[in-house]
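What follows is a short report on a single structure.
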Amino acid sequence: MRLKDWSKGLLAFGLFSLLLTGCGNAGETQESETAVDKKVTVNIFQSKIEFQKQFEQAFTEFNKIHPEIELKLQSTGGTSDYATTLKSMVSSGTEPTIFNIAGPNDLETWGDRLTDLSEMKAADLAMEGTLDGVTIDGKVLGIPYNIEGNGTIYNKEIFEKAGVDPDSIQTLDDLEEAAKTIDSKKDELGIEAAMAFGAKDAWIIQHTLSAFLAPEFDNNLLTAYEAKEVNFKYGDQLKHYLDILNKYSVQPINSVDFSQQVEQLFSLGKVAMIQQGNWAYTAISAIDQEFADEKIGMLPLPVDGVAEGSISVGVPNYWAVNSKASDEEIKAAKTFLDWYYTSDEGKEMILSDFNYIPAYEGYDVDKIADPVSQDVYKYFSEGKATSWVFSGFPNGWNDTTAAAEIQRYLGGESDWKSVIEKSEKAWKEERAE
């Protein structure tokens, strides 16, 4: 399958101007026009395992209106490989009706199993730019999950005790100075280290790479997807950032995964900073609700000289409907997804229970619930954001080469020149195939 007739890629700076003005129909209940004529089961496989409970609550509310549709959920995430599991499900004949895709590469992988969702109300209300990565020849093959932001989540209490002003952090030098100050007082502060970086998880490194590669690709997912080579134009800044992480993070850095980084270290007050996104709020609040609501915020993930004072933003996933499912299952899947994103009940849950930053018009953005998402929204609305481009990376490039080489560098097993050379070579070879 060739991708063509795409509009320009996701532009972070324009998204929230629409979000600010898109609340005029916030109270209206939208119902899908697709009718389900008999009892039907919809199997859903999704990659946000941290929202398992919230989805189950949403299903209960949905079934009050549509008792004829049974929703069954399977979630995977964290260290699990969603794509591999999905492929195994398909090959074993147990494929889901609704599943997640990440963008252009997945359109090629799952093209023969993607239903055209162009007529859905959710697709009609999706904010400008959020459908670009899943549209081919005018057909919308997925609808956006939400909008997320990745930056430096910090502990306000530790910063205050250490005498570090979070507003002063705009550049990598500023971030390094803050980490140095906190590290010098770690015994006094009762912490293990200034930072914790989950280098064990390749997906976390992928977010790091995306932040520093986005400017090279003009913050355009499609430009990254179509690029025959990568040149690490801002590789010096990336190295500087990784060196900061390695010097001031809990060690051994390559043994730290998401769970240890977020739940065991940051949520328990053992480190002051982590590179993570607003999705981490759910895990943090599960450990300490008061801490999550009152003592954390988002600092920049800056790229010096081009994106100072900024975070990295994008659509993390899209919902796809399996075209191999029965007509009744496809109708039921569309009915649920339209309810989830466009009904009054669904909108309330999106904001209050899932704590999403919505990717759709018609929401009261003043109800964005958690403080990290509020900070992400603030960065967006002020134009201080770069776009996610990682779903435009060559298939497997991050996991098999780039992230693996960065792990070797962080572990002292490779030099920086080797990281760059091997990553550039792998990108070019993959794109040549």
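The values are calculated or read from the model by the stated rules, or taken from the named source; none is laboratory data. Quick caveat, the model's predicted, so the values are computed rather than measured. Because the Cβ atoms are built from the backbone with ideal geometry, glycine has one as well, and the counts that use them run over all protein chains shown. Remember, those area values only see protein heavy atoms, side chains included, never the ligands or the DNA or RNA. Shrake-Rupley method; radii C 1.70, N 1.55, O 1.52, S 1.80 Å.
Partners of Lys161 within straight-line reach, counting lysines whose Cα lies under 26 Å from its Cα and excluding those fewer than 8 residues away in the same chain: Lys180, Lys185, Lys186, Lys247, Lys270, Lys295, Lys378.
For region 258-300, a Kirkwood hydrodynamic radius built from all Cα pairs, placed in the Stokes-Einstein relation at 10 °C and 1.306 mPa s, yields a translational diffusion coefficient of 156 µm²/s. Across region 294-369, the convex hull enclosing all Cα atoms gives 145 Å³ per residue. With Cα atoms defining each centre, region 222-276 and region 93-128 are spaced 30 Å apart in the structure. Take the Cβ atoms of Lys161 and Asp327, set R0 to 60 Å, and the FRET efficiency comes out at 0.45.
Each other residue within a Cβ distance under 13 Å of Glu148 adds +1 if Lys or Arg and -1 if Asp or Glu, for a net charge of -2. With each label modelled as a point 7 angstrom along the Cα→C-beta vector, the Asp173-Asp243 pair spans 1.4 nm. Counting only the Cα atoms, the chain fills a convex hull of 129 Å³ per residue. Its relative contact order, with pairs defined as Cα atoms under 8 Å and 6+ residues apart, puts region 76-213 at 13 percent. Considering only beta bridges that DSSP places wholly inside the chain, some 60 percent are antiparallel.
Of the solvent-accessible surface of the chain, computed with a 1.4 Å probe over protein heavy atoms with every protein chain present, carbon and sulfur atoms account for 44 percent. Residues in region 177-233 average 40 Å² of solvent-accessible surface per residue, probe 1.4 Å, ligands and nucleic acids excluded. Extension gain, Ala286-Asn63: 0.36 nm per intervening residue step, less the Cα-Cα distance, totals 77.6 nm. Consider all pairwise Cα distances in region 92-220 and report the whole-number % of them above 19 Å. Roughly 66 percent, once rounded to a whole number. Taking 29 Å as the limit for the C-alpha separation, the pairs Lys53/Lys139; Lys72/Lys121; Lys228/Lys347; Lys347/Lys384 exceed it in the case of Lys53/Lys139; Lys228/Lys347. Enumerate the residues in region 178-198 having an amide nitrogen under 12 Å from the point lying 7 Å beyond the Cα of Gln264 toward its Cβ. Taking a point 7 Å out along Cα→Cβ of Gln264, no residue of region 178-198 has its backbone N under 12 Å. Distance from a point 7 Å along Cα→Cβ of Asp353 to each backbone N in region 314-342: keep the residues under 11 Å and list them by number. Residues passing the 11 Å test: 340. All C-alpha pair distances within region 87-131, sorted into 5 Å bins from zero, spread as 5, 15, 24, 27, 15, 8, 5, 1 percent across the bins. Straightening the chain between Ser418 and Glu70 buys 120.1 nm, computed as 0.36 nm per residue apart minus the Cα-Cα spacing. Evaluate E = 1/(1 + (r/R0)^6) for Lys428 and Glu308, where r is the Cβ-Cβ distance and R0 equals 35 Å; express this FRET efficiency to the nearest 0.05. So, using R0 = 35 Å, E works out to roughly 0.70. Beyond 13 Å, what percent of the Cα pairs of region 343-386 remain? Value for region 343-386 (Cα pairs over 13 Å): 52 percent.
Among Met273, Met195, Met120, the largest mean-square fluctuation in a Gaussian network model of the chain (Cα springs under 10 Å) belongs to Met120.
Its relative contact order, with pairs defined as Cα atoms under 8 Å and 6+ residues apart, puts the chain at 29 percent.
The coefficient of translational diffusion for region 229-339, derived via Stokes-Einstein from the alpha carbon Kirkwood radius under 20 °C and 1.002 mPa s, stands at 122 µm²/s. If R0 equals 30 Å, the separation of the Cβ atoms of Ser91 and Gln52 corresponds to a calculated FRET efficiency of about 0.75. Compactness of region 148-274 was expressed as the Cα radius of gyration divided by 2.2 N^0.38 Å, which yields 1.12. The residues of region 354-433 expose, per residue, 41 Å² of accessible area to a 1.4 Å probe. Relative contact order, whole percent, for region 224-383 stands at 17, derived from Cα pairs under 8 Å and 6 or more residues apart. For region 188-209, backbone nitrogen atoms closer than 13 Å to the point 7 Å from Thr84 Cα along Cα-to-C-beta are found at 202-203. Its Cα gyration tensor gives region 323-433 an equivalent ellipsoid. The semi-axes, each the square root of 5 times an eigenvalue, are 39, 24, 12 Å from largest down.
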